[in-house]
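Following: one structure in structure tokens, then a few remarks.
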Amino acid sequence: MSKKKLIPPDKERCQAEKSNGHNFMTFGGVPDFIRCIEKPVIIITERKAEKDGVKGSMSLCNSCWKQFIFQNDVSTVNVEPI
């Protein structure tokens, strides 16, 4: 099994992706995701490696961190303040 190369956490910019605001109800524009532009406050790292054998990590700003907490089980990641 070959390990895939991961992008390291970015301490200058949040690495979460957000909707660009376009959907089937908006006139014009194509639904897509864009990278958050806020300054990160934490780095999260998976506690257990996935099936591919790697542990991912990413930086998150405060609002993206709150969304992560809302959508995920926080006990699955280690949290390191920046």
Query raised in the report: In what order do VAL30, VAL79 fall by count of nearby beta-carbon atoms within 10 Å, going from fewest to most?
Result: VAL30, VAL79
**Report entry** Proximal aspartates and glutamates relative to LYS4, as straight alpha-carbon distance under 18 Å, when same-chain residues fewer than 8 apart are discounted
**Finding:** GLU46, GLU50, ASP52
Requested in this report: Restrict the search to segment 20-82; then list the chymotrypsin sites (Phe, Trp or Tyr not before Pro) that DSSP places in a loop and that have at most 11 other Cβ atoms within 10 Å of their Cβ.
Outcome: PHE24, PHE27
Query raised in the report: Among (1) 77, 6, 4; (2) 38, 13, 8; (3) 26, 17, 13, which one is semi-axes √(5λ) of the Cα gyration tensor in Å computed from these coordinates?
Result: (3)
Query raised in the report: To the nearest 0.05, what FRET efficiency results for ILE69 and ASN20 with a Förster distance of 30 Å applied to their C-beta separation?
Result: 0.85
Report task. Please order MET58, MET25 by the number of other Cβ within 10 Å, starting at the fewest. Result -> MET25, MET58
Query raised in the report: Whose amide H sits under 5 Å from the amide H of VAL77, counting only residues 5 or more places off or on another chain, with H placed in the peptide plane?
Result: ARG47
Query - Tensor-based shape of segment 10-55 (alpha-carbon gyration tensor, a/c under 1.5 rounded, otherwise prolate or oblate) - result: oblate
Report summary line: From DSSP H assignment alone, runs of 4+ in the chain each adding -39500 (n - 2.57), the sum over residues rounded to the nearest 500 puts [θ] at 222 nm at -3500 deg cm²/dmol
Report summary line: Expressed in nanometres to one decimal, the distance between label points 7 Å along Cα→Cβ at THR76 and ILE7 is 2.0
Requested in this report: Filter the GluC sites (Glu not before Pro) in segment 9-82 down to the DSSP loop ones having no more than 16 other Cβ atoms within 10 Å, then list what survives.
Outcome: GLU12, GLU38, GLU50
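For segment 6-54, state which trypsin sites (Lys or Arg not before Pro) are in a DSSP loop and have at most 16 other beta carbons lying within 10 Å of their beta carbon. Can you show the working numbers first?
Values: sites: LYS11, ARG13, LYS18, ARG35, ARG47, LYS48, LYS51; in loops: LYS11, ARG13, ARG47, LYS48, LYS51.
Answer in residue order: LYS11, ARG13, ARG47, LYS48, LYS51.
Where a number appears in this text, it was derived from the coordinates with a stated rule and is not lab data. Bear in mind the structure is a predicted one, so any value in this text is a computation, not a measurement. Reconstructed Cβ throughout: ideal geometry from the backbone, glycine too, with neighbour counts over all protein chains shown.
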